[in-house]
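Structure first, commentary second.
The values are calculated or read from the model by the stated rules, or taken from the named source; none is laboratory data. The shown structure was predicted, so the numbers you read here are calculated from the model rather than taken from an experiment. Heads up, the Cβs are rebuilt from the backbone with ideal geometry, glycines too, and the neighbour counts pull from every protein chain shown.
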Amino acid sequence: MSAPLVVLVGPMGVGKSTVGRLLAERLGVTYRDTDDDIVAAQGRTIAEIFVDEGEPAFRAIEKTAVRDALAEHDGVLALGGGAILDADTRALLAGRRVVYLSMDVEEAVRRTGLNAARPLLAVNPRKQWRELMEARRHLYEEVATAVVATDGRTPEEVTQVALDAL
Ligand code: S3P
């Protein structure tokens with residue numbers, strides 16, 4: 001059974017896909033993203049799944065997608081920002097190299113703005129961000145073997161810090 005070389009976790013908009021691609025390039029491996037897997041398998045966008053079926057249904061789909069990707073992929077794997085909400089998923093991350101890309105709330109608001117494609121931020125993004133970070137920060141920290149702050153850093157700089165931390 002293969003296992004990802006590196007798993008990236010962290011909030012939406014933190015740059016998991018940009019940094020993940022750069023990291024994969026530097027390591028000479030492939031990049032995979034569980035959000036992309038879900039969209040491909042479902043033939044719908046993540047926002048459509050949220051609207052059609054609600055968040056609990058999305059989380060169930062995500063849980064399976066993450067489990068499969070963790071079993072199949074041997075490169076860099078980025079998880080959707082909320083994947084770590086699931087306790088079984090967190091348990092599956094034990095013993096792996098997991099990099100938590102972090103950012104503070106103001107940076108998050110600045111980066112994602114009023115992006116309607118992100119269903120969790122549809123109203124009052126600053127308040128939503130504060131709540132999301134408060135609810136999730138400790139879960140990201142729980143699964144992480146390295147934490148890389150992205151605030152004020154370019155994706156290339158974040159990638160280098162992540163590589164140094166591996
Ligand atoms: C979510 C993050 C998104 C996507 C969905 C829910 C979250 O992934 O899975 O919109 O709960 O934080 P990204 O972190 O890749 O944007």
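Things to note:
- Extreme residue, nearest to residue 61 (Cα to Cα), among residues of region 79-93 that are among the hydrophobic types (A, V, I, L, M, F, W, C) and touching a residue at least 24 places away in the same chain (Cβ under 8 Å): 83
- Count of residues meeting criterion [closer than 19 Å to residue 86 by Cβ, away from the ligand (no atom under 12 Å from the Cβ) and among the aliphatic types (A, V, I, L, M)] in region 36-69: 4
- Of residues in region 7-35 being of a type in the set (Val, Ile, Thr) and outside any strand (DSSP E or B), the one farthest from the ligand (Cβ to nearest atom): 29
- Residues that are closer than 27 Å to residue 28 by Cβ, away from the ligand (no atom under 15 Å from the Cβ) and in contact with a helix residue (DSSP H, G or I) (Cβ under 8 Å, 6 or more places away or on another chain), drawn from region 70-93: 70, 75, 92, 93
- Residue count for region 94-124, restricted to those that are more than 28 Å from residue 29 (Cα to Cα) and at pLDDT 95 or above: 0
- Any chance residue 66 is of a type in the set (A, V, I, L, M, F, W, C), at pLDDT 95 or above and within 13 Å of the chain's Cα centre (by Cα): yes
- Scoring residue 156 on the criteria (1) part of a helix (DSSP H, G or I); (2) more than 16 Å from the chain's Cα centre (by Cα); (3) farther than 18 Å from residue 31 by Cβ; (4) not aliphatic (A, V, I, L, M) leaves a single failure, condition (3).
- Where residue 4 falls short, out of the listed (1) within 11 Å of the ligand (Cβ to nearest atom); (2) within 20 Å of residue 97 (Cβ to Cβ); (3) assigned to a loop (DSSP other than H, G, I, E, B): (1)
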